[in-house]
Amino acid sequence: MCGIVGCVLKHKKAAPILLDCISKLEYRGYDSIGIATEDSKINIKKDKGKIIEVNTSLDLADMEGQSGIAHVRWATHGDPNKINSHPHTDENKTVAVVHNGIIENYLEIKEQLISEGHNFKSDTDTEVIPHLLEKFIKEGLDLEGAMKKTISIIQGAYAIAAICKNEPNKVIATRKDSPLIVGVGKDEYFVASDSPAILKYAKDIIYPERGEIVILEMNGVTIKDINGNIIEKEIETIDWTPEMAEKEGYDYFMLKEINEQDIAIRNTLTEKNNIKKIIDEVKCAINRIMFVACGTSYHASLTGKYLIESLAGIPTDVVLASEFKYSANTLNDKTLVIFISQSGETADTLKALDIANKTSKTLAIVNVAGSSATRRADYVIHTQAGPEIGVAATKTYVSQLTAIYLFAGLLSENDDLLTKLKKVPDYIKEMIKDPSNIITMSKKYKYADDFFYIGRGFSYPIALEGALKLKEITYVHGEGYAAGELKHGPLALIDEGIPVVVVLPPGENHKKTMSNLEEVKSRGADVISIGSMDDKPLIDKSDDIFLINSEIDDIIAPITYIVPLQLLSYYMAIERGCDPDKPKNLAKCVTVE
Ligand code: F6R
């Protein structure tokens, strides 16, 4: 939800670099963009629209000043329009501010400031911040002091960066419950919501904690605690390359990321020893597992439940992070609570993690190193997918599944599962080689209004994830059901020509799901199947089929059978003229509850 960047550069103009950095965060928000620089006055350019549209009309990179801030917006308070776009200022343009998060008490602060004579222009919660900063600067504080006082008043989640016309070449930033990293380059210093923004300029990263104040100046970075004491922070070097955050010849990041899934899995398999160590520490101390996650990460968790319960026999629940509080009082010190989040910054998940930390051992499975979840959980497994820019999770999903399969396989000492897992990258490579069949299907079904996805057992989460991918990037209604549940209600919706995607790998559920296929077929549905090359009965009954290596059984299907469904959604989005990387109303990292 929104991306922010700030920089101070010793030898360069800030605006072109801010534009380059913020363009790498467009996955976080793309309804407006704005940049502010300081050259003894505040220069601002901003407008509604994607970066490419706004830059064409405003020439964002053409501004003086060697320090500045930038923002991409995903609207929470106030429509996406020019006035509500960040950066926001006070009426005298003393300061400019960018903000990611929500100021929960902004209405009372706004009323108070209006009664003191401040004039507000926008409908945003953010605008109270520049007004507070200006008020405290007028009372005699510098920008740093004003920021400290401001964060003692505002409540909610925030990452903020600010510049002031009276304090040349300085950016002050802070965070609470929204992500912010500090990048230390050669004679150039950055803050950003996420590392892809600054990969090209800085590899040394500092992760500020809640309430710490970051000061970027020409000669370096200082980080202070809330009492003004300088803190020595650890510097971590990231191994992601700038190319990882580029499309590298693909039309969209989503397609690139689907094609990187074999590598993402191979890299995540290297977490095996780390996972073994965690299991050795917790195994004897737990009698229950609870997964907590949102969206696609929730679907990965559901697969985890099926694996752990069937292979290790440990009772395992899966809870949506936003609904977690209703289950929290059943936790105790014998529960291992596993949080799955590609970003490690999802507000609902972090809130649940803080609660679980009070009673239970916690483990976070996270893709973004240094993110909040990695710093708050007792144990961490890093999925090694590399940066994922497309809003729809693809390679991070299969990497999460890889970590879960490793966890379940090692926990249950099931070597057979681990052997099957090793073959998955090759299966995926084979599956993505030729998408022509999927492209034909996407042309055929592009006008459908409703899709149904069904699967049983391990294939049920595949059906849910396939349907989520469809709705988020094509805006076509897609619903995933446990195949056995159809006849308990949803079957009433099946009619002539309705596409039903049947996920049907070989395995113990095959016969039963075939009967469910017959049920929809006899009501006129168009059956699109994903199944084994050797499955003659399935081939005969399907209107369209994506055939998969017959070695892949139902237990390993969640991490492989999802691939054609990702591709089907992708090509349908293209057919329907949608941008799969930037679906409407969505953002990659949901830092509000
Ligand atoms: C869908 C998608 C979302 C995320 C969800 C949780 O493609 O990406 O459903 O899975 O917002 O995000 P993380 O995993 O970052 O906690």
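The values are calculated or read from the model by the stated rules, or taken from the named source; none is laboratory data. Since this is a predicted model, take the numbers as computed values, not measurements. All Cβ positions, even for glycine, are placed from backbone atoms using ideal geometry, and neighbour counts span all protein chains on display.
For segment 472-488, filtered to residues that are surrounded by 16 or more Cβ atoms within 10 Å (Cβ to Cβ) and in a helix (DSSP H, G or I), the residue that is modelled with the lowest pLDDT is Leu486.
Yes/no matrix, rows are residues, columns are (1) at pLDDT 90 or above; (2) among the β-branched types (Val, Ile, Thr):
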position: Val5; (1), (2): yes, yes
position: Leu25; (1), (2): yes, no
position: Gly34; (1), (2): yes, no
position: Asn43; (1), (2): yes, no
position: Thr56; (1), (2): yes, yes
position: Glu64; (1), (2): yes, no
position: Val72; (1), (2): yes, yes
position: His77; (1), (2): no, no
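The number of residues in segment 368-381 that are assigned to a loop (DSSP other than H, G, I, E, B) and farther than 21 Å from Lys588 by Cα comes to 2. Scan segment 231-258 residue by residue and report those that are over 29 Å from the mean Cα position of the chain (by Cα) and closer than 23 Å to Ile69 by Cβ. Hit for segment 231-258 is Ile231, nothing else. Beta carbons closer than 6 Å, at least 6 apart along the sequence or on distinct chains, pair a first residue in segment 489-516 that is closer than 11 Å to Ser529 by Cα and modelled with pLDDT of 95 or more with a second that is among the small types (Gly, Ala, Ser) and surrounded by fewer than 18 Cβ atoms within 10 Å (Cβ to Cβ) for Pro499/Ala448.
Ile338 fulfils the conditions (1) touching a residue at least 40 places away in the same chain (Cβ under 8 Å); (2) closer than 25 Å to Pro196 by Cα; (3) more than 9 Å from the ligand (Cβ to nearest atom) except for a single criterion, (2).
Quick check on Val72: is it farther than 26 Å from Gly156 by Cβ and either touching a residue at least 60 places away in the same chain (Cβ under 8 Å) or not in a loop (DSSP other than H, G, I, E, B) (or both)? It is false that Val72 is farther than 26 Å from Gly156 by Cβ and either touching a residue at least 60 places away in the same chain (Cβ under 8 Å) or not in a loop (DSSP other than H, G, I, E, B) (or both).
Of the numbered criteria (1) at pLDDT 95 or above; (2) under 20 Å from Asp581 (Cα atoms), the one Glu212 fails is (2). Among (1) in contact (Cβ under 8 Å) with a residue 40 or more places away in the chain; (2) within 14 Å of Pro558 (Cβ to Cβ); (3) more than 12 Å from the ligand (Cβ to nearest atom), which single condition is Ala312 missing? It fails just one condition, (2). Before we move on, is Asn84 farther than 21 Å from Cys164 by Cα and either in contact (Cβ under 8 Å) with a residue 24 or more places away in the chain or surrounded by fewer than 23 Cβ atoms within 10 Å (Cβ to Cβ) (or both)? For Asn84, the condition - farther than 21 Å from Cys164 by Cα and either in contact (Cβ under 8 Å) with a residue 24 or more places away in the chain or surrounded by fewer than 23 Cβ atoms within 10 Å (Cβ to Cβ) (or both) - is not met. Determine whether Asn169 is out of contact with any Cys (no Cβ under 7 Å at 6 or more places or on another chain), touching a residue at least 24 places away in the same chain (Cβ under 8 Å), surrounded by fewer than 22 Cβ atoms within 10 Å (Cβ to Cβ) and within 19 Å of Cys21 (Cβ to Cβ). In short, yes.
Residues that are more than 20 Å from Gly457 (Cβ to Cβ) and crowded, with 18+ Cβ neighbours inside 10 Å within segment 499-541 comprise Pro499, Ala525, Asp526, listed in sequence order.
Go through segment 522-546 residue by residue and tally those that are over 37 Å from the mean Cα position of the chain (by Cα) and either within 25 Å of Gly489 (Cα to Cα) or in contact (Cβ under 8 Å) with a residue 60 or more places away in the chain (or both). The number of residues fulfilling the criteria is 4. Is there a residue being in contact with a helix residue (DSSP H, G or I) (Cβ under 7 Å, 6 or more places away or on another chain), closer than 19 Å to Ser195 by Cα, of a type in the set (Val, Ile, Thr) and in contact (Cβ under 8 Å) with a residue 12 or more places away in the chain anywhere in segment 251-262? No; the residues of segment 251-262 include none that is in contact with a helix residue (DSSP H, G or I) (Cβ under 7 Å, 6 or more places away or on another chain), closer than 19 Å to Ser195 by Cα, of a type in the set (Val, Ile, Thr) and in contact (Cβ under 8 Å) with a residue 12 or more places away in the chain. Restricting to segment 386-403, give me the number of residues that are within 12 Å of the ligand (Cβ to nearest atom) and outside any loop (DSSP other than H, G, I, E, B). The number of residues fulfilling the criteria is 5. Scanning segment 568-592 for residues that are within 12 Å of the ligand (Cβ to nearest atom) and either free of Cβ contacts under 8 Å to residues at least 60 places away in the same chain or not in a helix (DSSP H, G or I) (or both) returns Pro580, Asp581, Pro583, Leu586, Ala587, Lys588, Cys589, Val590, Thr591, Val592.
Based on what the data block shows, is Ala467 within 16 Å of the ligand (Cβ to nearest atom) and in a helix (DSSP H, G or I)? Here the answer is yes, as Ala467 does meet what is asked.
Scanning segment 12-29 turns up no residue that is surrounded by fewer than 24 Cβ atoms within 10 Å (Cβ to Cβ), acidic (Asp, Glu) and assigned to a loop (DSSP other than H, G, I, E, B).
Is it fair to say Ala202 is more than 16 Å from the ligand (Cβ to nearest atom), touching a Pro at 6+ places or on another chain (Cβ under 6 Å) and farther than 30 Å from Phe324 by Cα? In short, no.
Filter segment 371-385 down to the residues that are touching a helix residue (DSSP H, G or I) at 6+ places or on another chain (Cβ under 7 Å), under 27 Å from Asn259 (Cβ atoms) and away from the ligand (no atom under 12 Å from the Cβ) and list them by number. Correct list: Ile381, Gln384. The residues in segment 277-309 that are more than 16 Å from the ligand (Cβ to nearest atom) and either in contact with a Gly (Cβ under 7 Å, 6 or more places away or on another chain) or at pLDDT below 95 (or both) can be counted, and the count is 1. Of all residues in segment 354-370, those that are among the polar types (S, T, N, Q) and within 16 Å of the ligand (Cβ to nearest atom) total 2.
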